[in-house]
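What follows is calculated from the coordinates using simple rules that are stated; it is not laboratory data. Only a predicted model underlies this, so the values are computations on that prediction, with no experimental measurement involved. Cβ sites come from the backbone with ideal geometry, for glycine too, and all protein chains shown count toward neighbours.
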Amino acid sequence: MAMLRVGIVGTGGIARSHMRAYGRCSEVQVVAACDVSADALDRFGQEFGIKRTYRDYAQMLDREELDLISICTPNDMHYPVVMAACAQGLHIFCEKPLALTYAEAREMATAARQAGIRTGVNFSHRITPASRLAHEIVRSGALGEIYRVAAVYAAGWPNYAQRAFTWRNDAAKAGYGGMGDMGSHIMDMMMWWLDTDVSALAAHTKTFVPERTDAATGKRVPVTTEDQGSLLLQYGNGAMGYLCGSYVFTGRGYDQRAEVFGAEGGLMYDQQRPHELQLWLPEEQMAAFTVIRRGGTPDRPYHTVLVPERYHARDDQGPRSIAQAYVEALLAGRVDELVPTFEDGWRVQEVLEACSRAAISRAWVDLPL
């Protein structure tokens, strides 16, 4: 296609990251934007020079000639916008998690597949260079049979308990809290690294701050999403796992780490060091990597290796994003295996649904559901 015409639905903070990605693609033009908030829509339109704006996504879909819808709304609106876009045969790039429920995600993935459209889900951390190297190492079989996976993605802000109520604290709009917002990223990443699904899990979730103040009314309102969730997992390849998604890692900022241990070796990933990976393999295999800090001692057994340039995913404007990778592949008429699809979003939604069931029943839940 000569020019990819994009409509943005939802103009909050995440929409700006989508706009940055599209702005780096010369063959992409954002022609319209939609938001239920007139003020937010006006600010967004002025900031990015978008003249055609709408308060109703259905009107935008009806009146504009679009190729792609970029969905940046709260989670409860993903399903209706996706289904409307599928009915018109539009390509879709959607924020995560894909839906509120497993049933919705399955229907969305099925509708997109039947319409023959290209989909993307913004599990944005797949593109981190160290994650890409870890993916290659695990998929290569170099670690041998995988025994254990431990992963966490969490946030921690000062005065977390005093923060105002937002839509992320409302299960009717968000579906999930820390487990869905943060944990969904690492759920996708681990299944992508391991090339396998979760086969069973047990879960515990907790809301540490049960009420928050509504900034608009000044009233205290109940929080209906979890602040933190922890999972014990069994993967389809036999590996055992632990996963945590949380908002309450006070003082840690954004904390994304993962460890994979196998019969022949292991690796440790930390997003705070995106161009490094800690790795232990037999010495003859370590020769394939550029070691920047030697290990091999009892107190530091793992070596630190440098991520090769081919994984850095940069252009002359800086690091590329999943959104940019998605539109570039769409324009080129190719599939980029790095980009998560609605099928991947559906897989994550299944894990989230099983998490909810396990937390309520306080029992293991088998997958597929």
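So if we plug the beta-carbon distance of Met3 and Asp197 into 1/(1 + (r/R0)^6) with R0 = 35 Å, what FRET efficiency do we get, rounded to 0.05?
With R0 = 35 Å, the Cβ-Cβ based efficiency is 0.40.
Of the candidates Gln114, Gln29, Gln234, which one comes out as most mobile in a Gaussian network treatment of the chain with C-alpha springs shorter than 10 Å?
Top of the fluctuation ranking is Gln114.
Which of Gly296, Gly262, Gly156 ends up with the largest GNM mean-square fluctuation for the chain, with Cα atoms connected below 10 Å?
Gly296
May I ask you to order 14-21, 214-221 by the average number of other C-beta atoms within 10 Å around their residues, highest value first?
14-21, 214-221
First check a/c for the stretch 28-68, with a ≥ b ≥ c the square roots of the eigenvalues of its C-alpha gyration tensor; if it is under 1.5, answer rounded, and if not, answer prolate when a/b is larger than b/c or oblate otherwise.
Verdict is oblate for the stretch 28-68.
Looking at the chain only, what percent of DSSP beta bridges run antiparallel? Nearest 5 please.
65
What Kirkwood hydrodynamic radius do you get for the stretch 142-211 when you take the inverse of the mean 1/r over all pairs of distinct Cα atoms, in Å?
14.6
With a/c under 1.5 counting as rounded, go ahead and sort the stretch 115-250 into rounded, prolate or oblate using the C-alpha gyration tensor (a ≥ b ≥ c being the square roots of the eigenvalues; past the cut-off, prolate if a/b is larger than b/c, else oblate).
Taking the square roots of the gyration eigenvalues as a ≥ b ≥ c, the stretch 115-250 is prolate.
Separation of the stretch 189-243 and the stretch 110-124 by C-alpha centroid, Å?
The two parts, judged by their Cα centres, are 24 Å apart.
Run the helix sum for the chain: -39,500 (n - 2.57) per DSSP H stretch of 4+ residues, divided by residue count, reported at 222 nm to the nearest 500 deg cm²/dmol.
-9500 deg cm²/dmol
Want the number for Gln271 to Arg357: 0.36 nm per residue separation, take away the alpha-carbon distance, what's left?
27.9 nm
For a Förster distance of 25 Å, can you work out the FRET efficiency between the beta-carbons of Asp214 and Lys51, rounded to the nearest 0.05?
0.15
For Ala287 and Glu337, what is the calculated FRET efficiency with R₀ set at 35 Å and r taken between the beta-carbons, to the nearest 0.05?
Efficiency, rounded to the nearest 0.05: 0.80.
Per residue, what volume in Å³ does the Cα convex hull of the chain take up?
Taking the convex hull of the Cα positions in the chain, it is 148 Å³ per residue.
So what is the relative contact order for the chain, in percent, with contacts set as C-alpha pairs under 8 Å and at least six apart?
19
For Thr166 and Leu369, calculate 0.36 nm times their separation in residues minus their Cα-Cα distance, and state this gained length in nm to one decimal.
70.0 nm is the gain from fully extending Thr166 to Leu369.
How would the stretch 1-159 be classified by its alpha-carbon gyration tensor: rounded, prolate or oblate, with rounded meaning a/c under 1.5 and the a/b versus b/c comparison settling the rest?
The shape class here is prolate.
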